[in-house]
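Read the structure below first, then the notes.
The values are calculated or read from the model by the stated rules, or taken from the named source; none is laboratory data. Only a predicted model underlies this, so the values are computations on that prediction, with no experimental measurement involved. Cβ sites come from the backbone with ideal geometry, for glycine too, and all protein chains shown count toward neighbours. Heavy atoms of the whole protein, side chains included, go into the accessibility calculation; ligands, DNA and RNA do not. Shrake-Rupley method; radii C 1.70, N 1.55, O 1.52, S 1.80 Å.
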Amino acid sequence: MLFLLAGRRTAGLAAALTEVTASDHVVDIGCGPGNGARIAAQRGARVTGVDPSRSMLRVARAVTRGRPAITWAEGTAEALPVPDASATVVWALATVHHWRDVGAGLSEIHRVLVPGGRLLAVERQVAPDATGFASHGWTGQQAETFAALCVTAGLADAKVNADRAGRREVWTVHAVRP
Ligand SMILES: C[S@@+](CC[C@H](N)C(=O)[O-])C[C@H]1O[C@@H](n2cnc3c(N)ncnc32)[C@H](O)[C@@H]1O
């Protein structure tokens, strides 16, 4: 339950920061139970929710019944089941810390974004010495490293910010496809 609530708050922050509108196609990588996709669809956007977990996608489908603007696709950040230059917005909310190959994921994000398309990644702030679940997120250094990898992948204007999703302190990284 806490997981769903935290996801809704992060999704609300993402929608506000990327100013999603009805003219957007949002690709929500690691969409989990579909909080981000639901909020983007409420703003009128077309949404593709991607996740490697069939059980997460089953929950996402169940809670978004009747929302034709959302397509669910099984896949990973490293091999996005999304056509080239088709997304105006990519979200990676509380998922990058799971990716096996962040460079490959960013290269896929560069491929699927239209020129001018924007990436937003959000991760919980964690302490450098955290272990177990408490380490699921980013230290400030990891957020900076992700921003640098965005530039290596060909994205521009990569910026790290500290923000809040409800009571949770998070790092956000924005970047744009030139
Ligand atoms: C903590 S959940 C976050 C879910 C959702 N974004 C939210 O904020 O509520 C992390 C999600 O990342 C997914 N995931 C794990 N490895 C992944 C990968 N390589 N590419 C994309 N998603 C992945 C998991 O299946 C899980 O649904």
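Within the stretch 154-174, restricting attention to residues that are open to solvent by less than 70 Å² (accessible area, probe 1.4 Å) and outside any strand (DSSP E or B), which residue is nearest to Arg124 (Cα to Cα)?
It comes out as Gly166.
Taking the options Val63, Val102, Val89, Val59, name whichever one is touching a residue at least 24 places away in the same chain (Cβ under 8 Å) and in contact with a strand residue (DSSP E or B) (Cβ under 9 Å, 6 or more places away or on another chain).
From the options Val63, Val102, Val89, Val59, the qualifying one is Val89.
Yes or no: Ala134 modelled with pLDDT of 95 or more and among the small types (Gly, Ala, Ser)?
Criteria not met by Ala134.
Quick check on my filter: what residues within the stretch 121-147 are in a helix (DSSP H, G or I) and surrounded by fewer than 13 Cβ atoms within 10 Å (Cβ to Cβ)?
Step one: filter the stretch 121-147 for residues in a helix (DSSP H, G or I), giving 132-135, 140-147.
Listed by number, the residues that qualify are Gly132, Phe133, Ala134, Gln141.
Take the stretch 43-67 and flag every residue that is of a type in the set (D, E, K, R) and open to solvent by 20 Å² or more (accessible area, probe 1.4 Å).
Arg43, Arg46, Arg54, Arg58, Arg61, Arg65, Arg67
What is the residue count in the stretch 110-120 for residues that are outside any helix (DSSP H, G or I), more than 14 Å from Val20 (Cβ to Cβ) and of a type outside the set (A, V, I, L, M, F, W, C)?
So the count comes out to 2.
Is one or more of the residues making up the stretch 22-42 surrounded by 15 or more Cβ atoms within 10 Å (Cβ to Cβ), more than 9 Å from the ligand (Cβ to nearest atom), at pLDDT 95 or above and basic (Lys, Arg)?
Taking every residue of the stretch 22-42 in turn, none turns out to be surrounded by 15 or more Cβ atoms within 10 Å (Cβ to Cβ), more than 9 Å from the ligand (Cβ to nearest atom), at pLDDT 95 or above and basic (Lys, Arg).
Out of the stretch 68-109, which residues are over 22 Å from Gly12 (Cβ atoms), open to solvent by 50 Å² or more (accessible area, probe 1.4 Å) and assigned to a loop (DSSP other than H, G, I, E, B)?
Pro68, Glu78, Pro81, Pro83, Asp84, Ala85, Arg100, Asp101
Look at Arg118 and say whether it is charged (D, E, K, R), touching a Pro at 6+ places or on another chain (Cβ under 7 Å) and away from the ligand (no atom under 15 Å from the Cβ).
no
Going through the stretch 45-65 one residue at a time, which ones are assigned to a loop (DSSP other than H, G, I, E, B), more than 14 Å from Ala87 (Cβ to Cβ) and either within 12 Å of the ligand (Cβ to nearest atom) or modelled with pLDDT of 95 or more (or both)?
Pro52, Ser53
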